[in-house]
Amino acid sequence: MTLAAYFTQQGYRLRHPELPVMHVGSTVRNIMLPMELCQILPGQALNKKHPDECTAQIIKRAATDAPTRKRKIMELRDQISYSNCPIIKEFGIGVGKDFEVIDGRIIAPPLIEYKNRRTVLPEHGQWSGDNEGFITSNQRELRWIILNLDSYNTRQSDVDSFGNNVFNESRKKGMQLEPFSMQNNYYEPRNTRMNMKQLETELENSLGYFKKQQLDFVIVVIPGIGDHYSRLKQKAELVVGVLTSCVKGNTVKNTRSPLTVVNNILLKINGKTNGTNHVVQSPDPKIPLIKKRIMFVGADVTHPSPEQSTIPSVVGVVASFDRNGFRYKPHFQLQDPKEEMIHGLEAIMQTMLNNYKNKNNQQLPEMILYYRDGVSDGQFSQVLDIELNAINRAVAAMNPPSKINVTFVVVQKRHHTRFFPGPKCPKEVRNQNVPPGTIVDRYITTPKHFQFFLTSHIAVQGVAKPSKYTVLHDDEQWDPDRLQAITYALCHMYARCNRSVSYPAPTYYAHWAAARGKVYIQGRTLNMAELDRENSLLRIRPEIIEERSMFFI
């Protein structure tokens, strides 16, 4: 019996029998009710991941400039009336009538160096590199093709214009690409409306053909909706071994700023094909930023949302292997859901140290600067006990034995600290935030560790959220100013854009490495009791992980 028939039998005729039903009560019991007979009580928290369109609306509505946010905070304080709360009075505490006034300072950004030692000074957290050549790029002409999986919406004329722009702009940057033509550098499937099963077959066949043709990379135009991205990356990186870079069809058709789109894509492609887009130099030539051989490491763990009981947490770890901290090797692995500590870190770090050694004339780094994202204050002692000890064991296992200093820094974004510029303080124009490079390292920091807040980016909208850095362990005994300067410089080393980002590049890359792991398991049924076996089945092809280690950016 259908639900509609049941309610008709009970004397109620459904007005909307075509709508889906509501699954209510326990998840293990099949209790279904018509939507029209249900009411949602106000004020309930959504204990699961918000839909993308809902998240977009939240961000849009919550984003206000700094003065507006400051005013709203004070209005809420007055409405709540903390001073009249008997419970607060019982504890002998209170809430101030105004914002805390603290000292901060603005540190200078690094110089951005391009080809032929040309330098650019960032302004307001960004710079133009459109007319600058990359530091290094491929030494031979790269063979490439555009695969159009969105041919139903993206016309060949759009791709033709886009492809020619890619080639022309690449020449300006010193890259060597095969000249573009629709005849030689374009492919689209005959069937433009494939289901996912057909898509996987088409992808494997097409990518296999491209590999036989010895193409160096494939730009893939994908629709704005659907699961094309994850299916493509699974086939390209786990099955076939072809380097890809994705772009949405609507982006290809962008007519307002087509060259900006193309230049951003070239930033990714040059990084993926073992190039170096730019490096950073100290604003003071007498004080170099990097004096020693440093291996920059980023580490993060992404977790499933509360309702995703059959999805594991994914670890992402990256480590640099060049002297400038631009190129990184990634690692991802699955582990038990909600587990924040990285297990197996000793083996991961041994791999990273050996990779550094192989890329640097058999020399190991003199120090490791480890940026760890996602750890709460209550986990500091645990992360030191597990992860710092794992790093030290990895160092001790190196042959020949070497003294490598380790500095362990926790990076936190999940906090409620915001800075508003005072009346005489400089501020950025768009949202009236404190300018990039703003450092606060006293008054509101813990006395137990060296800690500082750094606003390193321009907020696209709303109030900029500073990153909080806590140094839990420091063999190197960094001068505070130098550690802050190199941390800020690393925020300018993110390969995907010409702007400083909100936390250091290795931390960002660790997030992307973990995100790639999530992409690989999308649509797969996993045995949660045998995650070691599942990890062994998710092997990235050696021609990708060994030869194109920045494939994940």
Counting other C-beta atoms within 10 Å, and keeping those with at most 14, which DSSP coil trypsin sites (Lys or Arg not before Pro) do you find in region 22-116?
R29, K48, K49, K97
Contour excess over end-to-end distance, with Cα ends at R524 and D103 and 0.36 nm allotted per residue
146.4 nm
Tell me, in nm to one decimal, what length is gained between K338 and R482 on full extension, where the rule is 0.36 nm per residue of separation less the Cα-Cα distance?
48.3 nm
With Kirkwood radius over Cα pairs in Å as the read-out, I listed [x] 25.1; [y] 30.0; [z] 26.4; which label goes with the value calculated from this structure?
[z]
Cα centroids of region 237-276 and region 18-74: how far apart, whole angstrom?
35 Å
Under 26 Å Cα to Cα from K286, which lysines show up? Leave out anything in the same chain fewer than 8 places away.
K115
Whole-Hz ³J(HN,Hα) for each residue in region 68-83, computed from phi via Karplus 6.51 cos²θ - 1.76 cosθ + 1.60 with θ = phi - 60°, x for glycine and proline: what do you get?
5, 4, 4, 5, 5, 4, 5, 5, 5, 4, 5, 5, 6, 6, 4, 5
Whole-Hz couplings from phi, Karplus 6.51/-1.76/1.60, listed for region 236-245; x for Gly and Pro
5, 9, 9, 10, 8, x, 10, 7, 10, 9
Take the residue pairs K70/K427; K49/K338; K235/K518; K48/K70; K291/K403; K413/K448 and return only those whose Cα atoms are more than 18 Å apart.
K48/K70; K413/K448
Backbone N within region 307-334 under 19 Å of label point (7 Å from K359 Cα along the Cβ vector):
316-333
Can you compute the FRET efficiency between R430 and E366 using 1/(1 + (r/R0)^6), with r the Cβ-Cβ distance and R0 = 45 Å? Round to the nearest 0.05.
0.65
Order by neighbour count: T417, T154, T8, T255, fewest other Cβ atoms within 10 Å first, most last.
T255, T417, T8, T154
At 0.36 nm per residue, and after removing the present C-alpha to C-alpha distance, how many nm does the segment from R171 to L384 gain when stretched out fully?
71.9 nm
For the residues L388, L33, L111, what sequence is obtained by ranking on other C-beta atoms within 10 Å, fewest first?
L33, L388, L111
What FRET efficiency do you get for I444 and K115 if R0 is 45 Å and r is their Cβ-Cβ distance, rounded to the nearest 0.05?
0.60
Using DSSP to define loop residues, name the trypsin sites (Lys or Arg not before Pro) in region 156-265 whose beta-carbon has at most 16 other beta-carbon atoms within 10 Å.
R190, R193, R256
Cut-off under 5 Å, modelled amide H: who pairs with K248 long-range:
I222
Please turn the phi angles of region 480-489 into ³J(HN,Hα) values with the Karplus equation 6.51 cos²θ - 1.76 cosθ + 1.60 (θ = phi - 60°), one per residue in order, whole Hz, x for glycine and proline.
x, 5, 6, 5, 5, 5, 6, 5, 5, 4
If R0 is 60 Å, what FRET efficiency do you get for M22 and K291 from their C-beta distance, rounded to 0.05?
0.40
Using modelled amide H (1.01 Å from N, peptide plane; none on Pro or chain starts), what sits under 5 Å from the amide H of L142, excluding residues fewer than 5 places away?
Q176, L177, E178
Which residues in region 345-360 place their backbone N less than 18 Å from a point set 7 Å from the Cα of R323 along the Cα-to-Cβ direction?
356-360
Would you please name the trypsin sites (Lys or Arg not before Pro) within region 401-489 that are DSSP coil residues with at most 13 other C-beta atoms within 10 Å of their C-beta?
K403, K413, R414, K424, R430, R442, K448
Given DSSP loops and a limit of at most 14 other Cβ atoms within 10 Å, what is the longest stretch of the chain that contains no such GluC sites (Glu not before Pro)?
340-529
Residues of region 109-149 with amide N under 13 Å of a point placed 7 Å along Cα→Cβ from T255
none
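Laboratory data are not the source of any read-out in this text; all were calculated from the coordinates shown. No experiment lies behind these values; they were computed from the predicted model shown. Here the Cβ is made from the backbone with ideal geometry for all residues, glycine too, and neighbour counts use every protein chain on show.
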